[in-house]
Amino acid sequence: MALLLLNRRPILPCLPAWLPRESLIVLTAKSTVTRPSHRPPRELFTRLEVVEDYASAEVEELIDALCADGGVERVITTAEIDVVRAARARERHGLPGQSVAGALAYRDKYRMKALAARHGIAVPPMALVRDTGDLLSFTAVHGLPVVVKPADGAGSVGVRVLRDHRAVRECELPGDGTWLAERFVDGVVCHVDGLMAKGEVLHAIASRYLHTNLDTATYGAPSISAMLAASDPLAGRLAEAGAAVVAALPAVDEVTAFHAEFFHPPHGEPLLCEIACRPGGCGIVEAYELATGVNLYAAHLRGQAGLPVDVPDRDGARPRYGWGWFPPRRGTLRRLPATCPLPRTHRFAAYGEVGTYYQGPSSSTDSVAELLFRLDETEETEARLRAVDDWWSREVLWETG
């Protein structure tokens with residue numbers, strides 16, 4: 001029997017160490033094997049299928065064909081795009097793992113937050129909308145600004161903030177998707193990352209961003225985040241909020257990674273932004289592993305495969321880490337730092353090309369450089385995030401005329 005891995009991450013060389021002695025059928029996006037270092041020998045896998053357009057409906061047909069061939073014991077995933085289609089394949093072929101209802105609760109933001117609200121979890125006022133009339137009705141009740149987003153979106157793609165009535169009247173919603181309107185929340189965006197199973201959080205770490213994901217995807221603001229100190233009262237409130245959301249949504253029996261985001265207004269408790277049943281993006285996996293010794297991709301895959309998973313000690317002392325993903329701006333890159341001199345830098349990689357014109361970020365995870373750093377025990381999180389932001393703004397140069 002084999003595991004069928006649906007994959008859009010450059011992790012194939014790691015699989016033999018994470019899933020030793022397992023028979024693996026891999027269906028992966030072409031983007032994951034473009035670099036030589038990302039291309040392991042084909043003989044490591046029972047079968048390796050590489051597809052050009054990983055978002056295509058043909059991928060779901062290929063998943064069905066691979067399952068129908070027999071020998072597939074479980075379908076395992078690494079990315080948001082595969083959560084629902086993997087669950088549907090499990091249901092069609094009688095395989096164990098997360099159900100379709102559970103997958104949709106973690107993908108459909110309206111369903112997700114409606115379930116959370118029924119369990120007393122704070123969420124922004126929201127409604128499904130189809131057109132400008134629905135938007136006008138929503139703002140008449142809840143006021144402005146209002147956020148409009150795809151109900152099943154990811155990476156802040158397609159998200160818009162409408163700040164006045166003219167913007168609402170001029171907003172056109174394509175008819176090929178389900179759209180969610182939410183009252184805009186002014187505050188810090190935080191995230192909780194860790195492992196869950198059977199409706200309970202097994203381990204979690206609370207962090208905060210400097211800029212919102214929307215500002216990163218829309219304006220090219222750096223995506224910078226760092227772990228909160230265990231003594232920070234907000235860290236405890238975020239951990240409690242994350243556990244409440246996990247308990248409110250349909251449980252995943254297997255050990256599974258999760259990434260939850262919360263708004264924290266200046267005066268008030270955290271409000272749920274969204275939660276995903278997969279590892280967080282950008283530098284989250286690397287920072288979590290540096291802090292705990294556990295790789296979230298490895299734990300997520302092993303849990304879905306029904307294998308034992310190393311879960312970090314919930315009460316053990318751990319170092320704190322942060323990261324910065326620096327997106328392209330719309331313009332020509334004229335200067336890019338080769339190193340980062342900031343104290344306790346763990347890793348810096350710059351792979352943008354000076355002299356190249358960029359169209360700007362296509363999502364909140366696009367980048368031309370990456371930074372991982374450590375915080376000392378007493379360091380204030382926001383101060384370190386602003387130091388990283390200031391350094392980047394001084395060192396990078398974009399010609400945007």
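Structure above, values below:
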{"read-out": "Filtered residues of segment 365-401 (kept if part of a helix (DSSP H, G or I) and among the hydroxyl-bearing types (S, T, Y))", "value": "T381, S393"}
{"read-out": "Single residue of Y321, Y297, Y358, Y351 found to be hydroxyl-bearing (S, T, Y) and without any contact (Cβ under 8 Å) to a residue 24 or more places away in the chain", "value": "Y351"}
{"read-out": "Counted residues, segment 235-254 - those being closer than 18 Å to I284 by Cβ, in contact (Cβ under 8 Å) with a residue 40 or more places away in the chain and out of contact with any Gly (no Cβ under 8 Å at 6 or more places or on another chain)", "value": "4"}
{"read-out": "Output for segment 112-146, where each listed residue is of a type in the set (D, E, K, R) and modelled with pLDDT of 95 or more", "value": "K113, R118"}
{"read-out": "Tally of residues being touching a helix residue (DSSP H, G or I) at 6+ places or on another chain (Cβ under 9 Å) and loosely packed, with under 14 Cβ neighbours inside 10 Å across segment 172-205", "value": "2"}
{"read-out": "Selected residue [under 18 Å from the mean Cα position of the chain (by Cα) and either aliphatic (A, V, I, L, M) or modelled with pLDDT under 95 (or both)] from L228, L238, L234", "value": "L238"}
{"read-out": "Qualifying positions in segment 15-31 - farther than 8 Å from V50 by Cβ and surrounded by 14 or more Cβ atoms within 10 Å (Cβ to Cβ)", "value": "L15, P16, W18, L19, E22, S23, L24, I25, V26, L27, S31"}
{"read-out": "Among residues of segment 25-82, those that are of a type in the set (K, R), closer than 13 Å to L6 by Cα, outside any helix (DSSP H, G or I) and out of contact with any helix residue (DSSP H, G or I) (no Cβ under 7 Å at 6 or more places or on another chain), counted", "value": "1"}
{"read-out": "Qualifying positions in segment 265-305 - closer than 24 Å to S99 by Cα, touching a Phe, Trp or Tyr at 6+ places or on another chain (Cβ under 8 Å) and assigned to a helix (DSSP H, G or I)", "value": "L296, Y297, A298, L301, R302"}
{"read-out": "Meets criteria (over 13 Å from the mean Cα position of the chain (by Cα), over 26 Å from A383 (Cα atoms) and crowded, with 21+ Cβ neighbours inside 10 Å) for A287", "value": "no"}
{"read-out": "Filter pass, T332 being in a loop (DSSP other than H, G, I, E, B), of a type in the set (S, T, Y), surrounded by fewer than 19 Cβ atoms within 10 Å (Cβ to Cβ) and on the phi < 0 side of the Ramachandran plot", "value": "no"}
{"read-out": "Single residue of segment 1-14 satisfying the filter (free of Cβ contacts under 8 Å to residues at least 60 places away in the same chain and surrounded by 15 or more Cβ atoms within 10 Å (Cβ to Cβ)) that is nearest to R302 (Cα to Cα)", "value": "L12"}
{"read-out": "Check on E43, at pLDDT 95 or above, in the same structural domain as L12 (by TED's automatic domain parsing) and surrounded by fewer than 18 Cβ atoms within 10 Å (Cβ to Cβ)", "value": "no"}
{"read-out": "Close pairs from segment 372-401: first assigned by TED's automatic domain parsing to the domain that holds Y321, partner in a helix (DSSP H, G or I), Cβ under 6 Å, at least 6 apart", "value": "L372/E286; L375/R384"}
{"read-out": "In segment 316-365, the residues that are among the aromatic types (F, W, Y) and touching a Cys at 6+ places or on another chain (Cβ under 6 Å)", "value": "W325, F348"}
{"read-out": "Every residue from segment 216-231 that is over 16 Å from H264 (Cα atoms) and crowded, with 19+ Cβ neighbours inside 10 Å", "value": "T216, A217, G220, A221, P222, S223, I224"}
{"read-out": "Qualifying residue in segment 86-105 (condition: touching a residue at least 24 places away in the same chain (Cβ under 8 Å), charged (D, E, K, R) and not in a helix (DSSP H, G or I))", "value": "no"}
{"read-out": "Boolean, A257 is in contact with a Cys (Cβ under 8 Å, 6 or more places away or on another chain), in contact (Cβ under 8 Å) with a residue 40 or more places away in the chain, over 21 Å from S364 (Cα atoms) and buried (at least 20 other Cβ atoms within 10 Å of the Cβ)", "value": "no"}
{"read-out": "Members of segment 87-105 found to be under 19 Å from the mean Cα position of the chain (by Cα) and under 17 Å from A299 (Cβ atoms), listed by number", "value": "Q98"}
{"read-out": "Among the candidates E274, E269, E289, residue that is among the acidic types (D, E) and closer than 20 Å to L210 by Cβ", "value": "E274"}
{"read-out": "Residue match in segment 318-340 (condition: of a type in the set (S, T, N, Q), over 21 Å from the mean Cα position of the chain (by Cα) and either modelled with pLDDT under 95 or closer than 16 Å to G283 by Cα (or both))", "value": "no"}
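The values are calculated or read from the model by the stated rules, or taken from the named source; none is laboratory data. Since the model is a prediction, treat every value here as computed from it, not as a measurement. Heads up, the Cβs are rebuilt from the backbone with ideal geometry, glycines too, and the neighbour counts pull from every protein chain shown.
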